[in-house]
Amino acid sequence: MIAASEPVQRRPDAKLLLIRSGGSIEHWPRSALASLLRPGDLVVANDAATLPASLFGTHLPTGRSIEVRLASRGSLDPAKVNCFFAVLFGTGDFRIRTEDRPSPPAVAPGDRLQLGPLHATVESLQDHPRLMLLRFDGSAHDIWAGFARHGKPIQYAHVNAPLALWDTWTPIAGNPVAFEPPSAGFALSWDMLGSMTQRGVQFATLTHSAGLSSTGDAQLDARLPFDEPYRIPASTAEAIARAKARGARTVAVGTTVVRALEHAAVDGHVTSGIGVATQRIGHATRLRVVDAVLSGTHEKGTSHYELLRAFVSMGTLTRMEQQLESHGYRTHEFGDSILVEKAIVSAVF
Amino acid sequence: MTVHDGVLADLEPRGRAMAGGPVPRAQPLARRRVLVTGATAGLGLALVRELLGRGADVAFVARKADGVVRVAQEFGRSHGVIGDVSNKEDIHRIALQVLGALGGLDILINNASDLGPTPLQLLADTECEDFERALMTNVMGPFRLTKVLLGSLAAAARETGGAVVLNVSSDAAVTPYARWGAYGASKAALHHLTRIWEQELASSNIRFISLDPGDMDTAMHAAAVPDADIASLKRPEAAAREVADVIAAALQDSSSAIGVPHVAEGA
């Protein structure tokens, strides 16, 4: 597939590949999304805004330049921003592919890092020399101010120009708790939300702390996604219960929404409140809440791709890949979209 | 004047009121998350005090570090952010810190204003740069800040029944006073912007209010009208009470609208 290399959230010519629950594949302009939903459907999106989670600075014991990418956090509490799991990178920046980046210095618990106006201590390493638990000095106020002043959005080599924070916030972005954009939401516009309402489609949100998507290290990538805290408002849990009761579908905007809703599902009902999604979703997962997912296009082998196997068979995904390729779809976060309906009969052939 | 006619018209209850009307919440602003811009002097400062007094969680933004620190120290519970709403580069940084600190937002008060050239000038003598600065602060700043915070406000409206954007207007927005060209034209634009937001987002339960607090005894008024009779001017504290009352009423109105059973679910 073609890499989407410009940070444009809603290209007028964006495409949408639809996999119907019967297994057929259709091609649509993404602007037609609302018309592909059924009156009564409930659309649930992740309203997390994206932190500027890339922090450049110095490993003070060696004086060497480093980049720290904040990767996940145990809590959504605004006052608890001292501790983050983070992945360490050596010199260079996003222009070098993550797998080609020079190694960072070896770090040990107790090492001090200076990251612009912020100071932090390596609390521990997490069974890998580049994955660490970091503790920032100062109050929550100082840390937020430091991120605002010094942080840059996490970025990969397929986008050439440096991203601004506004490139990474979806139109519905709220609480800044994502480490990378919940990019399926880039497809939404307020006009599209209005079209959905007109069609009798309902809309709700949750907040899921989408974590780092790639580390450049196969061993670390195999551990993705990291644990991700989420919050489901009572109004959203109620909307899902009402959708279930009337036999309507719940359509997730993004894999993070699938992860949060399925984690919060108890006997097919979604519990509201705060949780931490720890599970992996794949071919063995029985989906209890979500009936369809809007997503970007993802490469085979990533956790996002694996998640799609909970919706459709491997055979269908193989046909999808062929179609994405032959129809010139764009991949990555600013690329085209897929809408995958859960297969009626999970074809285990 | 306090609230001019157009504003009062904007505040008519939307939607259907329930029979007998809603029971007013004793403290409609308690624990509501509020952002006030331009909050180190005048009405903004009085609003921080008033809203904290009503139990709200308050963040504020102002340009100068010493002013932000002074106000934050005076009110221990508030979150001060240094930023300039007229600067595009600052908008997301402000939003990041405000939403980070408050965890969401129910109420945005665009209070920061620029008077244009002082002493006030005839339009023919107004420098383009002075007019541009007034437009950036009084129109583009509130537009950008509203846009970036809309996701949070809509989420709050879905969860609690209502959210409010209050834009501080002026009688100069509707009456063409000589020498008030840059300010008056920019406030007219803000007033109209508010009304269009209100039209476009009517179904989202976010209320957009343009409110003229009246002529107040503030440093800004003194810069515009140095020889004003101070005794005739309103105290900013009194105006802040009125603004808070208007917001509280709008929230109660919205929550009464959402109190009506949800319509036509499913098909």
Alpha carbons only, please: Rg and Dmax for the range B:175-216, in angstrom.
12.7, 39
Value of relative contact order over chain A, rounded to a whole percent, pairs C-alpha under 8 Å and six or more apart
24
Which of B:210, B:78, B:232 fluctuates most in a GNM of chain B (C-alpha springs under 10 Å)? That residue is B:232
Of B:80, B:116, B:67, which has the largest mean-square fluctuation in a 10 Å C-alpha GNM of chain B?
B:67
Once you have the Kirkwood Rh of the range A:242-349 from its Cα pairs, apply Stokes-Einstein at 4 °C and 1.567 mPa s and quote D in µm²/s.
89
Ratio of the Cα radius of gyration of chain B to 2.2 N^0.38 Å, where N counts its residues
0.99
Using only the alpha carbons, work out the radius of gyration and Dmax of chain A in angstrom.
20.1, 62
Taking only the alpha carbons of the protein assembly as shown, the radius of gyration and the largest Cα-Cα distance, Dmax, both in angstrom, are 25.4, 87
Mind jotting down a quarter of the surface of the convex hull over the alpha carbons of the range A:121-193, in square nanometres, one decimal?
7.2
Given R₀ = 25 Å, FRET efficiency for residue A:60-residue A:80 by Cβ-Cβ distance, to 0.05?
0.50
Low-density loop cleavage sites - trypsin sites (Lys or Arg not before Pro) in the range A:64-143, where at most 15 other Cβ are within 10 Å (DSSP):
A:80, A:95, A:97
How large is Rg over Rh for the range A:15-97, taking Rg from the Cα atoms and Rh as the Kirkwood inverse mean of 1/r across Cα pairs?
1.20
Projected onto the charge dipole of the protein assembly as shown (+1 at Lys/Arg Cβ, -1 at Asp/Glu Cβ, origin at the Cα centre), which of A:279, A:315, B:189 gives the Cα projection farthest towards the positive end?
A:315
Need one number: convex hull volume per residue for the range A:134-272, Cα atoms only, in Å³.
159
Log entry: pair-distance distribution for the range A:54-150, C-alpha pairs binned every 10 Å from zero, whole % per bin is 17, 52, 28, 3
Averaged over the residues of B:149-159, the number of partner chain Cβ atoms within 10 Å of each residue's own Cβ comes to 6
Comparing B:59, B:228, B:240, which has the greatest mean-square fluctuation in the GNM of chain B with Cα pairs linked when under 10 Å apart?
B:228
Hey, got a sec? Which GluC sites (Glu not before Pro) in the range A:256-349 land in a DSSP loop and have at most 14 other Cβ atoms within 10 Å?
A:299
Proximal lysines relative to residue A:342, as straight alpha-carbon distance under 25 Å, when same-chain residues fewer than 8 apart are discounted:
A:15, A:244, A:300
Ignoring the sites themselves, what is the longest stretch of chain B with no trypsin sites (Lys or Arg not before Pro) in a DSSP loop and at most 16 other beta-carbon atoms within 10 Å?
B:78-267
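No value in this document is a laboratory result; all are computed from the given coordinates. All values reported here derive from a predicted model rather than from experimental measurement. Positions of Cβ are generated from backbone atoms using ideal geometry, with glycine treated the same way; all protein chains shown enter the neighbour counts.
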